[in-house]
Structures are given as structure tokens and as C-alpha cells.
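Structure record follows, encoded as C-alpha cells.
The values are calculated or read from the model by the stated rules, or taken from the named source; none is laboratory data. Everything quoted here is computed from the prediction, not taken from an experiment. Ideal geometry is used to build each Cβ from the backbone, glycine not excepted, and the neighbour counts take in all protein chains shown. Side chains included, ligands, DNA and RNA excluded: accessible areas come from the protein's heavy atoms. Shrake-Rupley method; radii C 1.70, N 1.55, O 1.52, S 1.80 Å.
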Amino acid sequence: MTGAKKMTQNQSTLTPKLRFPEFNNAPGWTSQPLEQVAQFIGERVPVSTVKRSDYASTENLLPDFGGFSAPSSLPSSGTVISYRTNDILIANIRPYLKKVWVADRNGGASNDVLVVRAKKHIATSYLAHVLRNDRFIAYVMRGAKGLKMPRGDVSLIKQYPVTVPSYAEQQKIAECLSTLDELIEAESRKLDALKNHKKGLMQ
């Protein structure tokens with residue numbers, strides 16, 4: 001996904017440094033701009049049709065790829081961007097906060113949230129790992145405009161290069177990375193429990 005190198009300057013295929021054995025003889029990967037592997041959703045719906053618990057804004061998307069928390073309120077009127085389960089929502093204000101969430105429900109998003117939907121040849125789980133990634137955030141920040149409240153440049157974001165293996169290889173990569181994420185989360189919970197235990201002993 002990030003460890004691929006060009007075979008030659010004239011070829012568009014890429015060969016990864018590491019690969020699962022069953023894909024060693026598979027075709028090389030291609031590099032495609034984000035807008036070719038995903039749709040940027042612009043469909044709008046009245047805010048009155050969205051439940052408060054399903055409204056996503058830059059305020060209630062959590063930093064460090066932390067997910068989503070229900071907001072305290074909805075806008076009083078107007079329309080919001082429609083999103084659905086498995087869409088990827090990206091807060092486009094202060095991108096360095098790393099607010100990227102894979103939706104587990106249908107709902108509506110504020111204007112400062114980009115709603116990205118994987119196209120048919122792209123596994124959502126694979127694209128999610130591509131976008132919930134420090135490399136992507138650094139790319140967005142390089143093109144961001146504004147000092148106090150930097151905003152990502154959507155036209156540049158659409159050009160973000162995504163390395164694309166076959167669908168089967170995408171799924172295998174995503175499965176591996178998801179397993180590692182689960183292990184990291186489990187170890188983090190253990191660490192938190194040990195810290196709390198230490199606090200109890202100190203008291």
C-alpha cells in the first residue's frame with residue numbers, strides 16, 4: 001500500500017517490497033488518483049430527515065482516527081450531505097487532527113466533512129486503511145489553506161495517489177491491517193488497566 005516502487009519510469013505498474021506469498025506472481029499494482037477509486041458524495045438531504053445521533057460534523061468526529069461520538073444538537077434548518085454505511089468521512093477543517101471515520105450507519109454530514117465512497121473495484125476496508133493513515137494526512141496538510149483553521153484543498157485531495165492491487169489482494173491487506181489494529185487496541189486496553197491499577201495502589 002505504501003511500500004511500492006516503480007518498475008520503470010515508463011510503466012504505470014508498481015511492485016511492492018512485501019507481498020503475501022499467494023500474490024507473488026500476480027500482476028503489479030497500479031497508482032490511481034483518489035477520485036478514480038472513490039466517489040466524492042455531494043447528495044444533500046433536509047436536516048429534518050436526519051437523527052441527531054447520526055449527524056457528523058468536524059466537532060463530533062474524533063481525533064487520531066478515534067471514530068464518532070453523537071453530537072449534542074443538529075443544525076436548526078437547511079440541508080446536509082447524505083452518507084451511508086461504509087462511507088468514509090473526513091473532517092476537512094484542521095486535517096492534522098486526523099478525524100477520519102468509516103460510517104457504521106446512514107446519516108448526514110456538515111459541509112466541512114468530505115464523504116468518500118469506494119467504487120466497485122475497491123474494497124472499502126482497503127480504502128479506509130489508505131485514508132486513515134498519516135501519509136494521507138500529511139499530503140492533505142501540504143495543500144491546506146489558512147493558518148488558524150487550515151482547510152484541505154479538495155481538488156488536491158482528489159488527486160491523492162492510491163496504489164491499487166487486485167480486489168482479492170486488497171481484501172487480504174485490509175484483513176491483515178485490521179487484525180493488527182485489533183491487537184493494538186487490546187494491548188492499549190491492557191495498558192490502561194495497568195495504569196489504573198497502579199493509581200489504586202498508590203492511593
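Observations on the model:
- Distance between the modelled labels on Thr79 and Ser155, one decimal in nanometres: 2.4 nm (7 Å Cα→Cβ projection).
- Rounded to the nearest 20 debye, the dipole size of the chain about its Cα centre is 420 debye, using +1 on the Cβ of Lys and Arg and -1 on the Cβ of Asp and Glu.
- Gyration tensor verdict on the stretch 42-128 (Cα atoms; rounded if a/c is under 1.5, prolate if a/b is larger than b/c, oblate otherwise): oblate
- Rounded, prolate or oblate (a/c below 1.5 giving rounded, otherwise prolate when a/b exceeds b/c) for the stretch 75-123 by Cα gyration tensor: oblate
- Separation of the stretch 128-203 from the stretch 39-62 is 22 Å, based on Cα centroids.
- Local charge for Glu185 was computed over the other residues whose Cβ lies under 15 Å away, with Lys and Arg +1 and Asp and Glu -1, and equals -2.
- Surface share of carbon and sulfur [accessible, 1.4 angstrom probe, percent] for the chain: 52
- Heavy-atom accessible area per residue - the chain, 1.4 Å, Å²: 59
- In plain terms, the chain from Lys195 to Asn106 could stretch by 28.3 nm, reckoned as 0.36 nm per residue minus the Cα-Cα distance.
- Of the listed residues Thr163, Thr49, Thr85, the order by accessible area with a 1.4 Å probe, largest first, is Thr49, Thr85, Thr163.
- Dipole of the stretch 1-145, positive end: most advanced residue of Tyr55, Thr15, Ile88 [Cβ charges, Cα centre]: Thr15
- Label corresponding to Rg and Dmax of the Cα atoms in Å when calculated from the structure given, among [x] 19.2, 66; [y] 26.5, 103; [z] 16.8, 52: [x]
- Charge context of Ala174, other residues only, Cβ under 14 angstrom, K/R +1, D/E -1: -2
- Net charge of Cβ neighbours under 12 Å - reference Ser72; Lys, Arg +1; Asp, Glu -1: 0
- Solvent-accessible surface (1.4 angstrom probe) belonging to Arg19, in square angstrom, nearest 10: 60
- Whether the stretch 141-203 is rounded, prolate or oblate, judged on the alpha carbon gyration tensor where a/c under 1.5 counts as rounded: oblate
- Build a GNM of the chain with springs between Cα atoms under 10 Å apart, and of Lys158, Lys51, Lys190 the one that fluctuates most is Lys190.
- Using Cβ point charges alone (K and R +1, D and E -1), the dipole size of the stretch 102-203 about the Cα centre works out to roughly 360 debye.
- The residues Leu194, Leu14, Leu177, sorted by heavy-atom accessible surface at 1.4 Å with ligands and nucleic acids left out, run Leu194, Leu177, Leu14 from largest to smallest.
- Qualifying aspartates and glutamates (Cα of each under 14 Å from Cα of Lys145; at least 8 residues distant if same chain): Asp112, Asp153
- Dipole-positive endmost among Ile173, Met149, His197 within the chain (Cβ charges, Cα centre): Met149
- Of Lys98, Lys148, Lys120, the one that fluctuates the most in a GNM where the chain has Cα springs shorter than 10 Å: Lys148
- The Glu22 and Lys119 beta-carbon pair, evaluated with R₀ = 30 Å, returns a calculated FRET efficiency of approximately 0.75.
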